[in-house]
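The block underneath contains the structure these notes are about, expressed in C-alpha cells.
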C-alpha cells in the first residue's frame, strides 16, 4: 500500500478521457445505443488531441463497452454476456495453463454447478427440451470418428441442460467453463472406447431427467463429471498415460 507521501503519478491523457467517458456511461449519462460525441466534440470538451480520444475509444471498444462502425460515430454497446466471457477467457486461459490449483478449482466449480443444473432440469424439463437432448445425443453418436466435432457436441449437451433452467447467465457460465477446460482434455477420451462411455453416461443423464428424478440425475451427472474431470490436465504437463 502506498503511503500518503508517495508521488502522484500523472495519468496518460487517453486514460483520463477513457475514465471520464466510462464514468458518464456508468452514471447513466450515456445509455446502450446512444451515440458518443464526435471526435471533434470530445477534443474540445476535454481539451485534448485526436490521438488521446482515439486511444480512449480503442480501449473502451476492446472491453466491449462501445461499438465502432465504419462511417458512424461510436455508440454505447448493448450489454453482452458473450463479450464478457470472451474477455475473461483471455485471462482464464493463461491462469489455467500455468496454475494447476486453479484448474482443480474449476473442475470443482463445474461439478457443483452442473449437478445443481441437472436437478433443475429434471424438475422443469418439457417434452420439447427432452427432444432437443435426444437429438444432441444422436448427433454425437454419429460423430464418434470426428474428435473435434464430438467434443463440440459434448459441450452443446451440457449447455442444453443448463438452458432448461431458463437462466441465461448460468448457460453462459457453463459454456465458458466447458470451453476453458476443453483445451486441457487429454487424448485418452478418444481411446479405449472413451466416446462410447461418454455417450452411455449422457444417455443415463437424459433418462434420469426424463424420469423427473432430480437426485438420480445429479448422481448420473456426478459420475460422468468425476470421470471426465480426470481427463483434464495442464497443457504443459508432458507426462504420459
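The values are calculated or read from the model by the stated rules, or taken from the named source; none is laboratory data. Since we're looking at a predicted model, the values are computed, not measured. For neighbour counting, all protein chains shown are included, and Cβ atoms are generated from backbone atoms with ideal geometry for every residue, glycine included.
Of note:
- Matching residues, the range 99-155, being assigned to a loop (DSSP other than H, G, I, E, B), surrounded by 14 or more Cβ atoms within 10 Å (Cβ to Cβ) and either at pLDDT 95 or above or touching a strand residue (DSSP E or B) at 6+ places or on another chain (Cβ under 7 Å) (or both): 125
- Residue within the range 165-185 that is assigned to a loop (DSSP other than H, G, I, E, B) and modelled with pLDDT under 80 present: yes
- Test: residue in the range 29-51 that is out of contact with any strand residue (DSSP E or B) (no Cβ under 8 Å at 6 or more places or on another chain) and at pLDDT below 90: yes
- Subset of the range 52-66 (residues that are crowded, with 17+ Cβ neighbours inside 10 Å and in contact with a strand residue (DSSP E or B) (Cβ under 9 Å, 6 or more places away or on another chain)): 57, 60, 65, 66
- Within the range 188-241, if we keep just the residues that are in a loop (DSSP other than H, G, I, E, B) and at pLDDT 95 or above, the residue that is surrounded by the fewest Cβ atoms within 10 Å (Cβ to Cβ) turns out to be 211.
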